[in-house]
1. Residues in region 309-321: is at least one outside any loop (DSSP other than H, G, I, E, B), surrounded by 15 or more Cβ atoms within 10 Å (Cβ to Cβ) and of a type in the set (Val, Ile, Thr)?
2. For Arg36, indicate whether it is over 28 Å from Phe238 (Cβ atoms), of a type outside the set (Phe, Trp, Tyr) and without any contact (Cβ under 8 Å) to a residue 40 or more places away in the chain.
3. Restricting attention to region 242-256, does a residue exist that is touching a strand residue (DSSP E or B) at 6+ places or on another chain (Cβ under 9 Å), assigned to a helix (DSSP H, G or I) and buried (at least 20 other Cβ atoms within 10 Å of the Cβ)?
4. Collect the residues in region 156-199 that are under 17 Å from Arg121 (Cβ atoms) and charged (D, E, K, R), keeping them in residue-number order.
5. Please determine, by comparing only the residues of region 23-46 that are hydrophobic (A, V, I, L, M, F, W, C) and surrounded by 17 or more Cβ atoms within 10 Å (Cβ to Cβ), which one is nearest to Glu342 (Cα to Cα).
6. Answer yes or no as to whether Asn227 is touching a Cys at 6+ places or on another chain (Cβ under 8 Å) and under 30 Å from Arg360 (Cβ atoms).
7. So, of the residues in region 12-22 that are under 26 Å from Ala56 (Cβ atoms) and surrounded by 13 or more Cβ atoms within 10 Å (Cβ to Cβ), which turns out to be nearest to the chain's Cα centre (by Cα)?
8. Pick from region 275-298 the residues that are hydroxyl-bearing (Ser, Thr, Tyr) and within 16 Å of Pro347 (Cα to Cα): which of them is farthest from the ligand (Cβ to nearest atom)?
Amino acid sequence: MNIQPHTTVKILGINFQTTIQETTKSTWHPLTQVLRQQTREVYRRDLTLTQRIQYAQTYLLAKTWYIAQFFTPSTDIVRQNNTIITNFIWQGNIFRVPLSTLREPKHAGGLDLIDPLAKSRAMCLLRIQEQISKQDTTINELLKLCKITIPSQNPPRKHAIMNKHAYLQYAHYDSAYLAPRSPREPTITYKKRIYSTIKMTLYDRYAVAPMRVIRTWPRINWTLIWNNIWQAPIPLRFKSTWYEIVHDIKTTKQRLHAINLAPTDNCVHCSQTDTLQHRLTQCGDATTQWLWTRGKIAQILRTNPSNVSPDWLQRPCIQYWPRQKHNAVLWILASFVTFRTEREHTPNMQNYFDFLRRNRWKTYRQGTRPQLLGNYLEVLDPL
Ligand SMILES: [Zn+2]
């Protein structure tokens, strides 16, 4: 028999090497390359921020989950993948929302972006727990050999013998902080709980500075603002734009000038300071458009137009009853913000009316108008 000895073998996509560290490295490395290549291919597609997040979660990261349940990536790989995902999501935007914020839930100002490291460790732990529950598995023998138990004691002690088995070490560490599963807990809830527990132990919430917008306007109800954006009966595209406006990450001359990337902070159309508020309500036709919109909102709320603040466009910290009235105000605000932000040329009143008419028609077509908006949007007539 003339069989050559090999130190590596590839089985089901995993490049097995002599040690676990090497196996992890050689399996993750090509995956990172694939990820980079894939982001390049879709880079030119015209997607909104939320669509890019969806794409990253559903298509880009999907390839990594199979490997992630066996081998937790090293910090180096995690860093590389984070850079690839961040570059894809922001596509050269100068002002961005940090990755830590994007990973927050939507009601807390994030976009529910999955944290690959926490998810990988959660999947590994779940897999190990499933194997432990069976008799005579290798993992049980290995645990006996290493003299450890899973779930481990809290706080978990470090065992030198586990240095070779990184996945066991993680499982040993993570299981210490996980409350035991009750027989009634459904698998999906349990999986989510493992993920959120691990995410919490990985990052120190209190060491992260509050979001920029919250630091600037600390005294308002931000949860209400985020909920208003995501619960408003508007297309996802509007939500995405509004989210960026609220985070104040649009490139304005004022922000560019503040970091010395623009010689002045003047608007290109007029000589006033180019802020977000200026673009939305003060520049050119924006003044007339905002006055008209403000009047319509005041009509819904049965109040004086001067009580409708232009701040609501950037910080919709409002709540009205009944829900249909509240939703109608949010619908108009979001439409106005999207209209003013998406168009680079100077759009006139007629363009604005066309835009509103088209979008109201689309909203009405969904058939949930009586519950969501009632007849409140009729104030916009005659469109
Ligand atoms: Zn201007």
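The values are calculated or read from the model by the stated rules, or taken from the named source; none is laboratory data. Keep in mind that what you see is a predicted model, and the values were worked out from it rather than measured. Here the Cβ positions follow ideal geometry from the backbone for every residue, glycine too, while neighbour counts run over all protein chains shown.
1. No - not one qualifying residue is present in region 309-321.
2. no
3. The answer is yes; a qualifying residue exists.
4. Listed by number, the residues that qualify are Lys158, Asp174, Arg181, Lys191, Lys192, Arg193, Lys199.
5. Leu35
6. no
7. Going through the qualifying residues, I end up with Ile14.
8. Applying the filter and picking the extreme gives Thr293.
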